[in-house]
There are 2 protein chains.
Amino acid sequence: MTHPLFERHQALLDQALKALADRGYWSAFPESPSPKVYGEGAAEAGKAAFDALLDKPFPLTLTGAAGTTGAERSPYGFPLGISYPKVDLDALFAAIAKAESGWRKAGPEAWVGVSLEILARINKRSFEIAHAVMHTTGQAFVMAFQAAGPHAQDRGLEAVAYAWDEMRRVPLKAYWEKPQGKNPPLKMEKHYRVVPRGVGLVIGCNTFPTWNGYPVMFASLATGNAVVVKPHPNAILPLAISVLIAREVLTEAGFDPNIVTLVAHATGDDTAQKLALRPEVKLIDFTGSSANGEWLEKNARQAQVYTEKAGVNQIVIDSVDDMKGVARNVAFSLALYTGQMCTAPQNIYVPRSGIDTAEGHLSFDQVGEALGEAVQKLLGDPARAVEILGAVVNDSVAERIDAARALGAVIADSRAIAHPQFKDARIRTPLIVKLDARDAAKYLKEWFGPIAFVISTDDTEQSLSIARRAVREHGALTLSVYSKSPAVIDDAVAVAEDAGVALSINLTGGVFVNQSAAFSDYHGTGANPAANAALTDAAFVAGRFRVVQHRMHV
Amino acid sequence: MTHPLFERHQALLDQALKALADRGYWSAFPESPSPKVYGEGAAEAGKAAFDALLDKPFPLTLTGAAGTTGAERSPYGFPLGISYPKVDLDALFAAIAKAESGWRKAGPEAWVGVSLEILARINKRSFEIAHAVMHTTGQAFVMAFQAAGPHAQDRGLEAVAYAWDEMRRVPLKAYWEKPQGKNPPLKMEKHYRVVPRGVGLVIGCNTFPTWNGYPVMFASLATGNAVVVKPHPNAILPLAISVLIAREVLTEAGFDPNIVTLVAHATGDDTAQKLALRPEVKLIDFTGSSANGEWLEKNARQAQVYTEKAGVNQIVIDSVDDMKGVARNVAFSLALYTGQMCTAPQNIYVPRSGIDTAEGHLSFDQVGEALGEAVQKLLGDPARAVEILGAVVNDSVAERIDAARALGAVIADSRAIAHPQFKDARIRTPLIVKLDARDAAKYLKEWFGPIAFVISTDDTEQSLSIARRAVREHGALTLSVYSKSPAVIDDAVAVAEDAGVALSINLTGGVFVNQSAAFSDYHGTGANPAANAALTDAAFVAGRFRVVQHRMHV
């Protein structure tokens, strides 16, 4: 019998499966925060729900809770004042072990049905979660709504659809009859059971707790694993709300809510390491620094570890039709969420001799100036600027801007902007610094934040050669090329395929290199040091479950 | 345009894909060595081809060869006298790097087409390879023909089919159009390219060089990777012939043959470690000891490592209809290839109070005696016995029999049998020793070879509880249960699914627990310490390639 929650969402799942196969545009959850879509009063109710969470204990009851933790502070300049249960890990894992057996037995349709119901309920709370994301990550509101709401939900759905697509290919049973010449055939009945790996640990990040969190939470949950969510200490709330919703749905569906739990903890303690080394943990999904990611890959050997780490994203400018269009597009990519995206470009390679454009030749310095001017123009109006930039997520970003300023000649300086609503918010515009190809020690590492380098090269061939080396040695999630020459485009495609990085070509309109669309773009390739897996593809889900068979004669 | 080799084998591939989905009986390569199937004179020609290889350099020319290696000795008592090129690894990997670019670009249809053509050609040389396997592993001829020939080829095909099934789901391109309200939609064209991970290293084993080798060789090759085959120093020849065939096909298809290479080496040197740590190696497939497998998992961190290691396979006897039928079946499993199979049972749990049978109660000792008698009866005729047992693969198996004899009361002693044709062959019958559940230190580890323990337990509940613990802590590829009670069967299924091991129920006829059928049975689960992957499932192939995309406006 089909699980009722599977049945409820089956039409949506079928659409998602078709979208994954076609990879054209498709979205399950509308990105517009309009009342026409989410209903009159939804925005206000969401804001009120968020406000109601401030300055009190978060309404989550966990087994093994002893004391509280939590010291989140909005990048817009105020403490959230929310406390979360602090859990004893032994008690928590004992509770999870108890919860697992019913969940394991429920099988793929129940896992997928429950996952889809959780996503549907999360979608209904998109406004509340958007405020939670805004005031933990610093994302501006509309971006927090879209990227951390419907886009993140679409990515969660994508993971569920991939999981289902892999699991449904394992038949429940088979009849096996092997001829034996003149003797009667051998006849067997075989049964195949999809079983989870164990506990999936989700290690959240500060900047994109839900966009990076949902695909991994749902990839593990939809394949029958229990999920322990360990948010970044500065961005607990969005995942805490999501965990609360998951537990509600599990309970209503007759499962033990401890299938999805939250381990909030204080900055700088060793909770992540302790969790990662638990023998029960068989899957770990991590987004964060290369140092922490590599520690997990090296030490958490009882688990399959999926990591998204640092990288150096790059733009190669060879020749353009319309420099203004290019500069507008690149400026937006540098400014969006203060460059605090794992996909934001950092290194912009331009030939030392300049580039050809439809309006004539531009010198190297003119290209840099055009980029700098586009940034200033985009962010000239403070009220509009803060809606693009959002706020600086933490002190280290601000310190990094200061350090980068000293690296070379400044093309566009980073400015502080006052936020019209939040007087203590820290808002910074991008810094653009001029470097030369020889300065590899400066630019061949990640400068996380609104920091870009315009780098003079001998020619586009050298630009592509540096780009290839950077991807291979330092990792990258994105590469972008601007050229009017089909031969250069071909070369760039070859470099991208060889080094293993997604390539965007001649983006001048409303698509930006830092954006990755669910059901169409693969986020990360798994083929370079920035990530050991793509989110999401078959490889990302297929290892989260195993098949156990039994056979007997009939 | 479809690659001609893909086209040639497409009908076979389609059948294989259907077989994988259905998981009923299907085989592409006939297991019968009859002249009616393989042609008049095929057997004789194969034997002659094998004989022609003896006592001379193997006809394989490799870039970077410097000197020779090879000291294989048939377990039937004579040296093969074959030398193989010894290669300088730096020179070899330089040659592979040169070969890779054309192969990478060829794409999935070419990779799959070439793989299938190689398998078809290998099938034609099944007799020659059977002799090579017999005289490196000790398998008796018919088993060497079937298991190392058509069955291994079926398993290679299974891996190719899984690889194709995953790769074909990535579209070549997509058209993406996102509505923008009243503004014109955003329109993009996206291209997706399947790219290999790099070099796949295959570390072969002594006992099943092709049965364990083909699935991994073809899983990596069919996903576009170059493959370096490092055979066990005692079982080079079967893989050397296979590599030779692969290189012939690659050359004929216009590819550089260095896509598939062989690294033969001497026992005890550090070639495996050196290969495993090469930065070019991104996939490692290993079959062998737990110590070596764990070394790879720990140290070869630049690669995805798939391991099949030691385990403790078990039989739980609760109650039976026909003890003679059970004993016959179990005796064959213990005797087949001298118990030198990774799937052969070792621990047989029987309640101390005995068991119920259709013919009345049997005491614990009577069950042990029945098993011992069945072994003696099966192997009573030396001429027939050697065709089941084959030969002892190496000294350590013989030494282990002697050590095990001292562990407890001997139910059936291991005897030496003279081979009618090969006077220096070392043939041994199984040893069966009586132990008690308390002797966990003795039986909770792998005693590789023809060594079985009949272990007295409090009851079947304890038998299953020990079995669960053994699988979880020490790994297992197989579990078998005999019971007339549906409740006990249900419990055994629950234990198998919980611990993650394939279960066979009440085998008394012509199917044996150590046998695993391509396209139907999963070999290994990846869910217990005996193997970190199943051969073959989606997870086994999906991580062997990556997808790299590029996108542009249209």
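The values are calculated or read from the model by the stated rules, or taken from the named source; none is laboratory data. Note that the coordinates shown come from a computational prediction; the quantities given were computed from them, not determined experimentally. Cβ coordinates were reconstructed from backbone atoms using ideal geometry, including for glycine residues, and neighbour counts include every protein chain displayed.
Key figures for this structure:
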| item | result |
| --- | --- |
| Residues being more than 7 Å from every other protein chain (Cβ to nearest Cβ) and in contact with a helix residue (DSSP H, G or I) (Cβ under 6 Å, 6 or more places away or on another chain) - total across the stretch A:180-195 | 1 |
| Residue check for B:Ala487: at pLDDT 95 or above, at negative phi and crowded, with 21+ Cβ neighbours inside 10 Å | no |
| Lone qualifier among A:Arg426, A:Arg472, A:Arg468 - being in contact (Cβ under 8 Å) with a residue 60 or more places away in the chain and either assigned by TED's automatic domain parsing to the domain that holds A:Gly408 or in contact with a strand residue (DSSP E or B) (Cβ under 9 Å, 6 or more places away or on another chain) (or both) | A:Arg426 |
| Only one of B:Val454, B:Val433, B:Val410 that is β-branched (Val, Ile, Thr), in a strand (DSSP E or B) and surrounded by fewer than 20 Cβ atoms within 10 Å (Cβ to Cβ) | B:Val410 |
| Yes/no for A:Asp154 being within 14 Å of another protein chain (Cβ to nearest Cβ), among the charged types (D, E, K, R) and crowded, with 22+ Cβ neighbours inside 10 Å | yes |
| Odd one out for B:Leu535, checked against (1) more than 10 Å from every other protein chain (Cβ to nearest Cβ); (2) modelled with pLDDT of 95 or more | (2) |
| Hits in the stretch A:506-554 (condition: part of a strand (DSSP E or B) and not small (Gly, Ala, Ser)) | A:His523, A:Asn528, A:Leu535, A:Phe545, A:Arg546, A:Val547, A:Val548, A:Gln549, A:His550, A:Arg551, A:Met552, A:His553 |
| Among the candidates A:Val199, A:Val260, A:Val228, A:Val216, residue that is under 17 Å from the mean Cα position of the chain (by Cα) and either buried (at least 24 other Cβ atoms within 10 Å of the Cβ) or acidic (Asp, Glu) (or both) | A:Val216 |
| Unique residue being hydrophobic (A, V, I, L, M, F, W, C), closer than 21 Å to B:His523 by Cβ and within 14 Å of another protein chain (Cβ to nearest Cβ) when the list is B:Ala235, B:Ala161 | B:Ala161 |
| Count of residues meeting criterion [of a type in the set (Asp, Glu) and farther than 15 Å from B:Arg104 by Cα] in the stretch A:485-510 | 2 |
| Test: residue in the stretch B:458-468 that is farther than 19 Å from B:Asn528 by Cα, buried (at least 18 other Cβ atoms within 10 Å of the Cβ) and away from chain A (no Cβ under 14 Å) | yes |
| Filtered residues of the stretch A:167-179 (kept if within 7 Å of chain B (Cβ to nearest Cβ) and either farther than 30 Å from A:Val112 by Cα or among the small types (Gly, Ala, Ser) (or both)) | A:Ala174, A:Glu177, A:Lys178 |
| Tabulated pairs, the stretch A:349-370, first without any contact (Cβ under 8 Å) to a residue 24 or more places away in the chain and assigned by TED's automatic domain parsing to the domain that holds A:Asp458, second part of a strand (DSSP E or B) and not hydroxyl-bearing (Ser, Thr, Tyr), C-beta under 6 angstrom, 6+ apart or interchain | A:Gly354/A:His361; A:Gly354/A:Leu362 |
| Among (1) in contact with a strand residue (DSSP E or B) (Cβ under 9 Å, 6 or more places away or on another chain); (2) over 30 Å from A:Gln515 (Cα atoms) - the single one B:Ala518 does not satisfy | (1) |
| The lone exception for B:Ala441 - which of (1) surrounded by fewer than 21 Cβ atoms within 10 Å (Cβ to Cβ); (2) touching a Phe, Trp or Tyr at 6+ places or on another chain (Cβ under 6 Å); (3) assigned to a helix (DSSP H, G or I) it fails | (2) |
| The lone exception for A:His523 - which of (1) in the same structural domain as A:Val367 (by TED's automatic domain parsing); (2) more than 24 Å from B:Glu280 (Cβ to Cβ); (3) not hydrophobic (A, V, I, L, M, F, W, C) it fails | (1) |
| Checklist (1) at the interface with another protein chain (Cβ under 10 Å from one of its Cβ atoms); (2) within 19 Å of the chain's Cα centre (by Cα); (3) among the aromatic types (Phe, Trp, Tyr) applied to B:Trp447, failing item | (1) |
| Residues of the stretch B:494-509 classified as surrounded by fewer than 18 Cβ atoms within 10 Å (Cβ to Cβ), facing chain A (nearest Cβ under 7 Å) and under 18 Å from A:Pro196 (Cα atoms), total | 0 |
| Answer residue from the stretch B:518-529, given it is within 7 Å of chain A (Cβ to nearest Cβ) and of a type outside the set (Ser, Thr, Tyr) and is nearest to B:Leu464 (Cα to Cα) among those | B:Ala527 |
| Elements of type strands (runs of 3 or more DSSP E) in the stretch A:278-383, at least 1 residues being under 18 Å from the mean Cα position of the chain (by Cα) and crowded, with 24+ Cβ neighbours inside 10 Å | A:281-287, A:304-308 |
| Some residue of the stretch A:97-111 being under 25 Å from the mean Cα position of the chain (by Cα), within 14 Å of another protein chain (Cβ to nearest Cβ) and not aliphatic (A, V, I, L, M) | yes |
| Looking only at the stretch B:529-548, and only at residues there that are surrounded by fewer than 24 Cβ atoms within 10 Å (Cβ to Cβ) and not aliphatic (A, V, I, L, M), the one that is farthest from A:Glu280 (Cα to Cα) | B:Asn532 |
| Where A:Ala358 falls short, out of the listed (1) of a type outside the set (Lys, Arg); (2) modelled with pLDDT of 95 or more; (3) over 30 Å from A:Ala530 (Cα atoms) | (2) |
